[in-house]
1. Ordered by packing density, taken as the mean number of other Cβ atoms within 10 Å over each peptide's residues, highest first, how do A:116-124, B:121-129, A:49-57 rank?
2. For peptide A:117-126, what's the mean number of Cβ atoms from other chains within 10 Å of each residue's Cβ?
3. Where is the GNM fluctuation largest for chain A (alpha-carbon springs, 10 angstrom cutoff): A:33, A:169, A:139?
4. Give the average, rounded to an integer, of partner chain Cβ atoms located within 10 angstrom of each Cβ in B:172-180.
5. Other chains' Cβ within 10 Å of A:26-38 residues: what's the mean?
6. Can you tell me the 0 to 90 degree angle between the C-alpha axis of helix A:180-195 and the longest principal axis of chain A, rounded to 10?
7. Helix B:123-147 versus the longest principal axis of chain B: what angle, 0 to 90°, nearest 10, using Cα atoms?
8. Say a label goes 7 Å from Cα toward Cβ at residue A:84 in every copy; what distances in nm does this one have to the rest, shortest first?
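Each reported figure results from applying straightforward, stated rules to the coordinates on display, with no laboratory input. Here the structure is a predicted model, which means the values were calculated and not measured. Note: ideal-geometry Cβ built from the backbone for every residue, glycine included; neighbour counts use all protein chains shown.
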DNA sequence: CGAGCGTCTGAACGATCGTTCAATATATTC
DNA sequence: GAATATATTGAACGATCGTTCAGACGCTCG
């Protein structure tokens, strides 16, 4: 199928041009927004010819769609349960993951933002974003349910929704500059929400 | 200066074309993102000729800059203190304002989102967004300080920062669909944060 | 070797972009 | 009413856009 990726490659990596094109598109989308993503700019950034971009990706739309799906993968991985831990620690680890330095990169946060912005403009992209968000929230609710089996499912959903809001605010605000103290406070708040005591009616002071 | 806006206007309002151009740009930005904002599209949407857009706005950049400043104005107005209320109620009113139906419009939320997305791509727009956010947070901190005069200033800043995160998450998440119950819960959470009891060291269970 | 196939290139096409500008329309001033 | 200033138009410019395509390259198989 592919022309043998073996053999000493000249520079660092000239194989798998399709992947390099996708990464170039992601880089441009993050740094310059959708206006900076032209087929020619992507080709230049990936070090390939213009024609090859249209060879591997039928459309500009297909290219961007592939880029958005890549972002979605990274997102979902955040709530992927760590099987080495017990349920409660597994949930805590997932909640802490949004404060990881590798997650709070400007490049990654900006990519997420551009995904949201594109979702407003293009119905096709909106579906990708909505489904990603739905999957993420479902993963979160499952983690909460596992850590607090006594909770009714809809209460887990409520808590997942509230945490989702705060986490969305966290990464969005992080784009203006990292305030690690504020991040820790909000991560702690998410843990409180997720692991709050009894499922009983909320207390009213 | 302007050619007498009196006289019976033909349709509904054909005067103040500059304002209509700006509103057309905002409408397009909200509905289609930055890719949908071309000088020609703006002219068509505003019902004026192409040349007039470049007459009232030197650049495309100037036009978008004006649009972003308009969004900023709407944002800041949210924390504008209501002089008819006492400090604590004034703060509560400001915090509740983000749940107002007129604020949770898709058009307005999408505009905000596009502002953030543009800020990532263009240094000039980034400055506008950063300053708007700074002014908003300062207004929030001032409201908290007025409602809780015994708090040290930096504690007010911390609370404003935390509330800002949650509110950013609120409007961003609202773009996926309005979950009024979740919104109320988060508004309540913001009130708790802002009006929390003593400024003493936080309790540790 | 030559036919076949997947990969890759760069020129070319028509469409659209932002910007400029001469010309016209409208309002203000004397 | 002429003169002037302001507002408005639409054609035209060069640049860039997404897409297409004929051809070249490298590899495998008979």
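1. In decreasing order of mean packing, A:116-124, B:121-129, A:49-57 become A:116-124, B:121-129, A:49-57.
2. Per-residue shielding by partner chains comes out at 5.
3. A:169
4. Details: counts 8, 11, 2, 8, 10, 2, 0, 5, 0.
Mean number of neighbouring Cβ atoms from other chains: 5.
5. 3
6. 60
7. 40
8. Distances to the matching label points in the other copies: 6.1 nm.
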